[in-house]
Amino acid sequence: MVMDGVKGRFEAGGERAHTTSHPPIIKAGKFKPNIGELPAGQVLQRVANLLEPFTGAEGEIMIGVLDAPLDTASETVGEYVVHGTVKDRLLTKDNGTALDTADHFKLYEIGIYPE
């Protein structure tokens, strides 16, 4: 008996944030709608059970890194890296600012490793 089946396929356009140095753990999550186009590498936080960009304000807690670009005007579910390696050059805060040293340490603490 030959079995050849495909349960499903998906494609995400654009560059991915994860690398293959340390296989990533990627989750899907619901994003706050209509907050713009989010780039791969956007650091995320959870507010009221929805994902949105991390801004670096006091009290915010990083929870992951967006793996593929997401336009929240048309999609509210996206994939984000919760553990593994990510491309340092793609990492950004809410306003497009590169992460500082303290932000990098916070990523290390939650098990995300920029390279």
When region 55-85 is examined, which residues are found to be hydrophobic (A, V, I, L, M, F, W, C), over 11 Å from L44 (Cβ atoms) and either part of a loop (DSSP other than H, G, I, E, B) or modelled with pLDDT under 95 (or both)?
A57, A68, A73
Here is a check on your reading of the model: is I63 of a type in the set (A, V, I, L, M, F, W, C), within 11 Å of the chain's Cα centre (by Cα) and within 17 Å of K32 (Cβ to Cβ)?
yes
A102 being modelled with pLDDT of 95 or more and out of contact with any strand residue (DSSP E or B) (no Cβ under 6 Å at 6 or more places or on another chain):
no
If you scan region 99-115, which residues turn out to be part of a loop (DSSP other than H, G, I, E, B) and either under 18 Å from T19 (Cβ atoms) or in contact with a Cys (Cβ under 9 Å, 6 or more places away or on another chain) (or both)?
L99, I110, G111, E115
Taking region 6-24, which residues are among the acidic types (D, E) and either at pLDDT 95 or above or loosely packed, with under 11 Cβ neighbours inside 10 Å (or both)?
E11
Being among the acidic types (D, E), closer than 15 Å to E37 by Cα and open to solvent by 70 Å² or more (accessible area, probe 1.4 Å) is the filter here, so list the residues in region 67-115 that pass it.
E75, D94
Which residue pairs have Cβ atoms under 6 Å apart, sit 6 or more places apart or on different chains, and have a first residue in region 46-73 that is under 12 Å from K93 (Cα atoms) and a second that is of a type in the set (D, E)?
P53/D94; F54/E60; T55/D94
Tell me, yes or no, whether region 25-41 has at least one residue that is of a type in the set (V, I, T), in contact (Cβ under 8 Å) with a residue 40 or more places away in the chain and open to solvent by less than 40 Å² (accessible area, probe 1.4 Å).
no
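The values are calculated or read from the model by the stated rules, or taken from the named source; none is laboratory data. Since the structure is predicted, the reported quantities are computational estimates derived from the model, not experimental observations. Cβ sites come from the backbone with ideal geometry, for glycine too, and all protein chains shown count toward neighbours. Surface accessibility is based on the protein's heavy atoms, side chains included, excluding ligands, DNA and RNA. Shrake-Rupley method; radii C 1.70, N 1.55, O 1.52, S 1.80 Å.
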